[in-house]
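What follows draws every value from the coordinates through simple rules; no lab data is involved. Just so it is clear, the structure is predicted and the values come from calculations on it, not from any experiment. Note that each Cβ is placed from the backbone with ideal geometry, even for glycine, and that neighbours are counted across all protein chains shown.
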Amino acid sequence: MPKAYAKAPLPLIPQPDSVEQQHGFLILSDQTEITYNKDSIKETASLIASQLQPATGFPFTVAKQQKSKKSKIGNIALTIVNDDSLEDEGYRLTVSDQILIEAQTNAGLFYGAQTLRQLLPAAIFSDKLENATWIVPKVIINDTPEMQWRGMHLDVSRHMFPKEDILRFIDTIASFKLNSFHMHLTDDQGWRIEIKKYPKLTEIGGFREETMVGHLRNKPRKYDGKPYGGFYTQEDIKEIVAYATARHINVVPEIDMPGHMQAAIAAYPEFGTRPDEPTKVLTKWGISANILNMEDKTVQFTKDVLTEVMALFPSKYIHIGGDEAAKAWWKKSERIQWHIKDKGLKNENELQSWFIQEIDNFLQGHDRNLIGWDEIVEGGIAKDATLMWWKGVKTKDHINQAATDGHKIVIADKTALYFDHRQDRDVIEPLNIGGWAPLHKVYHYKPFRFMNEQQKSMVLGIQAQLWTEYIPNVRKLERSAFPRAWALSEVAWSDPKTRDWESFQQRVPTQEIRFIYKNMNFRKTLFGREVVK
Ligand code: TNX
């Protein structure tokens with residue numbers, strides 16, 4: 001093999017466990033068929049055909065493998081095998097005179113096909129016909145994910161994004177093997193999911209009068225004077241969930257409670273801490289002190305909402321937020337103080353935990369698991385709760401204790417995994433919330449640095465957050481997500497032994513070209529080198 005050919009890493013992101021490059025190549029043609037060996041993978045075969053068709057213009061006929069016939073040269077054979085070494089989501093991709101993808105599951109076959117897409121010319125990511133030779137290097141790849149929760153979060157409350165953009169975003173993150181999409185559907189600044197039993201949540205809670213301009217810390221505050229809002233209907237949600245499911249992405253819904261609820265309280269003041277004071281959907285960023293009261297009818301309201309949410313989202317995990325529930329108004333409210341005494345609790349934190357335990361029991365009763373931000377441990381953790389750890393070093397002891405006590409953890413650490421944080425200093429970055437999470441920091445992120453082996457075993461995986469206070473449109477959203485989500489995928493999927501910053505940077509330019517073909521925005525690198533001052 002020529003030396004230069006052997007040395008250059010194949011531009012795969014995330015890096016597979018093992019890549020054995022062979023000599024030579026195969027070319028896809030209009031004769032290439034996609035074959036499958038079990039009816040249960042026919043849909044995956046069709047989906048893969050639909051991913052390869054637009055740019056090539058080839059039909060990619062999908063056909064069941066015939067035992068008697070030898071597979072044809074140039075075909076793509078999807079094959080379910082009984083091979084424990086492949087694990088649940090793993091696959092083996094062998095490109096010789098044909099392309100063989102073997103896996104134990106549909107997910108594994110899907111991931112093998114995503115790797116195949118990355119072996120093809122970058123133009124394969126275009127959704128219109130491209131003029132290219134559809135060449136694939138001969139190779140044997142064995143691959144299996146490191147973590148089972150490889151997540152991306154998106155806040156659609158502060159700003160919302162058209163359904164089509166959400167679908168494109170999901171398709172994109174699936175192409176580098178993320179498998180969880182967390183939708184932050186409600187917050188003080190907007191309620192974005194249709195709930196049939198409470199129509200005012202979207203009629204009123206879905207719209208704000210105007211939006212602040214510039215950063216929250218700029219005083220005096222300025223506003224744009226323009227109404228803003230919208231929501232996803234239940235039909236939209238079903239479409240998003242189905243689209244994601246086909247791509248092996250679980251959509252985790254979040255209804256944030258008891259704080260971050262001002263939009264709902266604007267619609268139904270009786271659920272707020274000061275029911276007699278008129279409330280608007282919040283027009284500035286930051287946290288509202290008007291949180292849910294703890295009346296029976298309010299607790300029932302949250303359960304009613306979750307009932308409709310569970311009907312739409314098959315996710316085992318239902319996120320109930322629980323973050324930053326400002327207790328200032330609870331402290332001053334006689335009614336809330338009465339609830340604390342009545343329930344035999346000590347303080348506001350315990351009241352919050354009482355409420356979360358109520359919801360935990362409710363979700364358990366429906367065979368779902370509660371997941372919440374780390375504040376839900378403050379007044380004692382609900383017994384079946386899973387924690388989404390965002391506060392990093394500040395709350396590491398709480399989190400580690402919870403893991404020791406048998407709670408599962410998803411790492412969403414804001415020290416590197418908040419993709420609303422700036423990628424460089426303000427001088428060259430557009431308006432952003434602050435913080436500092438450049439690409440190399442994400443790439444070198446060490447999820448388990450504070451944990452012992454037992455605690456580590458409780459970690460489901462990691463997730464990046466896209467809070468959208470300062471991300472008003474999809475172009476800026478994509479620029480915030482990428483290239484950092486490429487690094488995230490490597491931390492989540494790849495064996496830590498393969499982590500190699502030099503190699504990653506060499507693989508980035510091809511990934512950028514794929515994005516150009518896919519019409520996705522991203523923050524540019526300099527030929528793969530991160531641009532930071
Ligand atoms: C904290 S992280 C929040 C969000 C903000 C975010 C901004 C968390 C659970 N709560 O409400 O949007 O910081 O980075």
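For the range 160-213, calculate the relative contact order in percent as a whole number, restricting contacts to Cα pairs under 8 Å that are 6 or more residues apart.
So the answer I get is 22 percent.
For residue 482, enumerate residues with amide H under 5 Å from its amide H, sequence gap 5+ or separate chain, H modeled in the peptide plane.
Counting only residues 5 or more places away or on other chains, the set is 523.
Over the range 348-506, what per residue volume does the convex hull of the Cα atoms give, in whole Å³?
Looking at the range 348-506, the number lands at 143 Å³ per residue.
Pop a pseudo-label 7 angstrom from the Cα along the beta-carbon direction at both residue 42 and residue 22 and give the gap in nm to one decimal.
3.0
Could you calculate the contour length gain from residue 497 to residue 328, that is, 0.36 nm times the residue separation minus the distance between their Cα atoms, to one decimal place in nm?
This chain segment gains 56.1 nm when fully extended.
So what is the relative contact order of the range 77-209, in percent, for Cα pairs below 8 Å that sit 6 or more residues apart?
19
Counting only C-alpha contacts under 8 Å and six or more residues apart, can you give the relative contact order of the chain as a whole percent?
Dividing the mean separation by the residue count of the chain yields 15 percent.
Give the angle, between 0 and 90 degrees and rounded to the nearest 10, that separates the Cα long axis of helix 484-493 from the longest principal axis of the Cα atoms of the chain.
On a 0 to 90 degree scale, this one is about 80.
With +1 on each Lys and Arg Cβ and -1 on each Asp and Glu Cβ, and nothing else charged, work out how big the dipole of the range 24-159 is about its Cα centre, in Debye to the nearest 20.
Once rounded to the nearest 20, the dipole reads 460 debye.
Work out Dmax and Rg for the range 321-422 from the C-alpha atoms and quote the Rg first, both in angstrom.
Answer for the range 321-422, Rg first and Dmax second: 14.7, 46 Å.
Hey, rough spin-label estimate for residue 366 and residue 350, points 7 angstrom out along Cα→Cβ, what's it come to in nanometres?
2.9
What is the angle, in °, between the Cα long axis of helix 501-518 and the longest principal axis of the Cα atoms in the chain? Nearest 10 is fine, range 0 to 90.
Rounded to the nearest ten degrees, it is 90.
Please rank 261, 212, fewest neighbouring Cβ atoms within 10 Å first, as an exposure proxy.
Fewest to most other Cβ atoms nearby, the residues stand as 212, 261.
Just to be sure I understand: if I project the alpha-carbon convex hull of the range 418-522 onto a plane and average over all orientations, what area do I get in nm²?
7.7
Take the Cα radius of gyration of the chain and divide it by 2.2 N^0.38 Å, with N its residue count; two decimals is plenty.
1.02
Skipping prolines and chain starts, which residues have an amide H placed within reach, meaning under 5 Å, of the one on residue 193, given they are 5 or more residues away or on another chain?
Distant-sequence amide H within range of residue 193: 232.
Of 427, 494, 471, which is farthest along the charge dipole of the range 416-533 in the positive direction, counting Lys and Arg as +1 and Asp and Glu as -1 at C-beta?
Towards the positive end, the residue furthest out is 427.
Whole-Hz Karplus ³J(HN,Hα) for the range 199-210, in order, using 6.51 cos²θ - 1.76 cosθ + 1.60 and θ = phi - 60°, x for Gly and Pro?
Listing the rounded values in order: x, 5, 4, 8, 4, 9, x, x, 9, 10, 5, 6 Hz.
For the chain, give the share of DSSP beta bridges that are antiparallel, in percent and rounded to the nearest 5; count only bridges with both residues there.
40
Between 0 and 90 degrees, rounded to the nearest ten: what's the tilt of helix 42-56 against the longest Cα principal axis of the chain?
Tilt of helix 42-56: around 70 degrees.
Among the listed pairs 408/441; 64/316; 138/456; 72/177; 316/414; 163/497, which are separated by more than 27 Å between their Cα atoms?
Going by Cα-Cα distance, 64/316; 138/456; 72/177; 163/497 fall outside the 27 Å limit.
For the range 146-223, just say rounded, prolate or oblate: build the C-alpha gyration tensor, square-root its eigenvalues into a ≥ b ≥ c, call rounded for a/c under 1.5, and beyond that prolate if a/b exceeds b/c, oblate if not.
oblate
Please report, in Å, the Rg and the Dmax of the range 16-148, where both are computed over Cα atoms only.
Every Cα atom of the range 16-148 included, Rg and Dmax give 13.9, 40 Å.
Please arrange 384, 84 by how many other C-beta atoms lie within 10 Å of their C-beta, fewest to most.
Ordered from fewest to most neighbouring Cβ atoms within 10 Å, 384, 84 come out as 84, 384.
Stretch residue 431-residue 84 to full length: gain in nm at 0.36 nm per residue minus the Cα-Cα span?
120.0 nm
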